[in-house]
Amino acid sequence: MDDIARRLIQPEALKQPKPWLWSAGLGTDVLTDIETASLTGGSSHLTAMKAHTCALAGDAKSARELLGQLQRPPFGKCLPSYDIAATHAALGDSTLAVHWLERARSERNMKLFLVSQDPRFDALRGHSEFSAVVQQLGLAKSGADRFMLSAAQ
């Protein structure tokens with residue numbers, strides 16, 4: 001994993017309040033790093049990270065443009081459905097976020113095991129459609145919920 005991706009998915013950074021990139025003083029640097037990586041043969045995953053970062057920064061127009069690019073990948077390129085869902089969640093598009101999570105589920109996307117604890121989906125936790133996807137994955141209770149239940153027993 002390259003340094004850019006590592007900076008984006010640091011567990012400490014994910015625990016910070018949204019938008020964590022800006023609160024950590026990383027927002028502009030991360031966007032610049034993603035842009036540089038894209039110029040050197042970046043992937044659809046980098047584009048998804050950039051779209052999510054733009055959405056968190058309040059640049060919905062750029063985020064939606066990048067999402068459009070992701071939905072027209074070159075032939076044979078895999079779509080980062082889970083990350084597209086996270087970007088829609090950051091944009092406040094709960095219906096599209098759930099749609100892309102369902103697509104990620106049908107693709108058996110390995111990132112889905114994180115969905116019940118991924119802070120990027122916090123805004124969706126009260127939506128019944130999101131809860132249904134989480135239940136279908138067998139993740140109806142988060143790790144913290146399970147711990148609290150077992151401790152109470």
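Does the stretch 72-82 include one or more residues that are modelled with pLDDT of 90 or more and within 14 Å of Leu124 (Cβ to Cβ)? Can you show your working first?
From the stretch 72-82, those modelled with pLDDT of 90 or more are 81-82; that's our starting set.
Still in the list and also within 14 Å of Leu124 (Cβ to Cβ): 82.
Yes, some residue in the stretch 72-82 is modelled with pLDDT of 90 or more and within 14 Å of Leu124 (Cβ to Cβ).
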**Any hit, the stretch 59-66, residues being modelled with pLDDT under 95, out of contact with any Leu (no Cβ under 6 Å at 6 or more places or on another chain) and of a type in the set (S, T, N, Q)** = yes
**Request:** Inspect all residues belonging to the stretch 42-53 and state whether any of them is at pLDDT below 90, surrounded by 21 or more Cβ atoms within 10 Å (Cβ to Cβ) and part of a loop (DSSP other than H, G, I, E, B).
**Result:** no
**Prompt:** So which residues in the stretch 95-142 are polar (S, T, N, Q) and either at pLDDT below 95 or not in a helix (DSSP H, G or I) (or both), if there are any at all?
**Reply:** Ser106, Asn109, Ser116, Gln117, Ser128, Ser131, Gln135, Gln136, Ser142
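The values are calculated or read from the model by the stated rules, or taken from the named source; none is laboratory data. Quick caveat, the model's predicted, so the values are computed rather than measured. Heads up, the Cβs are rebuilt from the backbone with ideal geometry, glycines too, and the neighbour counts pull from every protein chain shown.
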